[in-house]
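Participant: One structure, pasted below without further comment.
The values are calculated or read from the model by the stated rules, or taken from the named source; none is laboratory data. Everything numeric here is computed off the predicted structure, so don't read it as measured data. Note that each Cβ is placed from the backbone with ideal geometry, even for glycine, and that neighbours are counted across all protein chains shown.
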Amino acid sequence: MSSLLMRRAAWIFLACLGVAVALATLRAQADIRRESEGADRVARFVEGLSALQSIAPDGVEQQLETLRELSRSGSLRHLDFQLEDEAGRVLIPAVPSAAGVMSRRTRLVLHRSDGSHFVATLVANPASEKEEAVLDIAGMAGLFLIYGLAMLAGLYWAVRYAFGPLRGIVGAIAAFRKQDFSARLPRLPVRELDHIAGALNQLAEALSDAQARQKHLSLQMQTLQEDERARLAIEVHEHFGQGLTALRANIAYLLRQTAETPRLEATVREMETQAAAIHREVRALLRRLQPDGGNASGQERLSLQILLHELVKSWQDADVQGVAYRLEVTPEDLRLPREISLIVYRMTQEALANIARHSDATRVDISVRLDPDEPATLCWRVSDDGVGIAAPESAMSHGNGLAGIRERVWARGGSLHLGPASTNAARPGLCLSVRLHRGETP
């Protein structure tokens, strides 16, 4: 960068030097022209004075008028004069400014052949020299001013040119902070900044690879979790389901046997009630572990309407606070790949559990639809009218379900937005909205 600034400064210096030489040349030519003109007028003045000695009497007045015009014009450089007749009358007065500053007088007596004479007083006049000095100083000051302004403008342009790519670097860093590692910087004209851009590009590639591996691992973890849930569901079904079925069959046999013994029949009926409650709890647990029933039909695409309806119904049946649940799936026959369907199911499951534990809500709305502008994008939304969350980002790190939702969305390359569901300051509620690609893993 220093070499760039030095080159720009050298170019500006050479340009200003060229302009200074050109202006000095023009000024020298003008000075030479003025000196030549002044010397010519002085020669005419001397010739006019000499003519007064030999000119005919009838031509004296005309010659005096010529000298007056020469005096009034002020074109005599460094010199002025005053002309008097033999009686001491001033025929041509000296210029007042010249008379005020004159430092030396030279008196010339011009004798005519008729016996009369004129007295010419030559006065040194430095006004033209002062004017030239002032003009030289002003020209030099102006030249230095122009040089300074040109240097400042050139350095400003050079610095802006040099640091202009920093906007791209700052934009790339801002994109990296948002976990967007697709930004790449082009070759930059400044060597130091080009090295920084190259390092940032390498860092972006490394972070992009690491993020891709992390997403792949996260998806594998989610798959392993679903597989483990499926294994647990099978074990629960095999160990508890069959046992509970046999137990209820035995209880039914005991009911028939104790029909004539009221006290024993009441005890057996209580056992039947408890067994039925345990059976319902086990079936609910199996649905939570494996909502698609193990996909026994071999279908690769699941109906979201059926999956989410069963989930919402389980919360409605278990709810004792009178919370109103509303589910909307658009279109109603929406079927998605099993992996995506289970992700939507798990997000809804975690959101509803979070609402039940923390929100104190009376209404919950669940919406799943395809984006009309981007049919390949799935829009998922859960909102409530509860107390809301004061610091959503802080809540993400406390393991209350939001972190799990964010992890699933991030692994699939989607976007998650959290915010209040309403403008009610006392009960703003919480709205979770997700945009997710409905196809295969990106």
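Participant: Go through region 300-312 and report how many residues are loosely packed, with under 15 Cβ neighbours inside 10 Å and touching a residue at least 40 places away in the same chain (Cβ under 8 Å).
Facilitator: The number of residues fulfilling the criteria is 1.
Participant: Consider only pairs whose beta carbons are under 7 Å apart and that are at least six residues apart or on different chains; among these, list those whose first residue lies in region 261-289 and is without any contact (Cβ under 8 Å) to a residue 40 or more places away in the chain and whose second residue is aromatic (Phe, Trp, Tyr) and assigned to a helix (DSSP H, G or I).
Facilitator: none
Participant: Right, next: Among the residues of region 313-334, is there at least one that is among the polar types (S, T, N, Q), surrounded by 12 or more Cβ atoms within 10 Å (Cβ to Cβ) and within 43 Å of the chain's Cα centre (by Cα)?
Facilitator: Looking for residues that are among the polar types (S, T, N, Q), surrounded by 12 or more Cβ atoms within 10 Å (Cβ to Cβ) and within 43 Å of the chain's Cα centre (by Cα), one finds at least one in region 313-334, hence yes.
Participant: While we're here: Return the pairs, sorted by first residue and then second, in which the second residue is part of a helix (DSSP H, G or I) and small (Gly, Ala, Ser), the first residue lies in region 45-65 and is assigned by TED's automatic domain parsing to the domain that holds residue 84, the beta carbons are less than 8 Å apart, and the residues are 6+ apart or on different chains.
Facilitator: Qualifying pairs under 8 Å: 63/48; 63/51.
Participant: So how many residues does region 317-352 have that are of a type in the set (Lys, Arg) and free of Cβ contacts under 8 Å to residues at least 40 places away in the same chain?
Facilitator: 1
Participant: Sticking with this one: Only one of 350, 310 is in contact with a Gly (Cβ under 7 Å, 6 or more places away or on another chain) and either under 25 Å from residue 222 (Cβ atoms) or in the same structural domain as residue 230 (by TED's automatic domain parsing) (or both). Can you tell me which?
Facilitator: Checking each option against the conditions leaves just 350.
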